[in-house]
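In what follows, a structure is listed as structure tokens, so that the remarks can point back to it.
The values are calculated or read from the model by the stated rules, or taken from the named source; none is laboratory data. Keep in mind that this is a model prediction, so the values were computed, not measured. Please note: Cβ atoms are built from the backbone with ideal geometry, for glycine as well, and neighbour counts cover all protein chains shown.
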Amino acid sequence: MPILYEFRTEARPDNGLIEVYDSDAYLTDSEAVRQNRDTVVAGTGAQIYLHSLQGIAPAEILVRVWDGPTPADSTRVAEGERSTVLDSPTGEVVIRAFAPDLAGHFQLPRPGVYEGRVSWKGRHEAAAQEASLHAELGAAELQWPTDTDAIWATHQEVLETYRIDLWWTAESEDDEDDEY
């Protein structure tokens, strides 16, 4: 099955949260955010929430849109995987996190409902890296801003990755609010 589109970006999680959503679905769903703390990935249909265990180092987000359902990738070693759905009536998808606030946006090949699979790896390594940074900063006798910068620089490696594989399945439902 060929890949129709691929988008890659990095984002520093906002309190452990990375959001992927249709451009018209920008209001955060508190219940889905609570759920993703237990399941790593949660969604509302128009939004997908990814839960990181850290908030300092950037995480890599790779979105791939396929021509049809994709088989499981036996070559990827992942810590976990969840099925998901992204309903994007506009076809414009936004990725939001703490730094940068808008980590990226892209246009899907066509608007509609996409089924998918989110896999991840490196969450625990990134959390350990953050704990190490806090310990090192706490123990260091920092004299100059360059001392802090040097410590930060050794803890900015991208260890955490999320891969979102999507494939189109249906047209989006019309909102009841749009009917007259």
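What to note about this one:
- Applying the condition of being surrounded by fewer than 15 Cβ atoms within 10 Å (Cβ to Cβ) and hydroxyl-bearing (S, T, Y) to the stretch 48-89 and asking which residue is nearest to the chain's Cα centre (by Cα) yields S83.
- Considering the stretch 142-164, and only residues there that are under 20 Å from R8 (Cβ atoms), at pLDDT below 95 and not polar (S, T, N, Q), the residue that is surrounded by the most Cβ atoms within 10 Å (Cβ to Cβ) turns out to be E160.
- Residue pairs meeting the criteria (Cβ under 6 Å; at least 6 apart or on separate chains; first crowded, with 18+ Cβ neighbours inside 10 Å, in the stretch 13-31; second basic (K, R) and not in a loop (DSSP other than H, G, I, E, B)): E19/R96
- Within the stretch 6-17, the set of residues being out of contact with any helix residue (DSSP H, G or I) (no Cβ under 9 Å at 6 or more places or on another chain), modelled with pLDDT under 95 and part of a strand (DSSP E or B) comprises E10, A11, R12, D14.
- Considering residues of the stretch 32-44 that are among the β-branched types (V, I, T) and outside any strand (DSSP E or B) only, the residue surrounded by the fewest Cβ atoms within 10 Å (Cβ to Cβ): T39
- Residues that are small (G, A, S) number at least 3 in the following strands (runs of 3 or more DSSP E) confined to the stretch 49-142: 80-88, 112-121.
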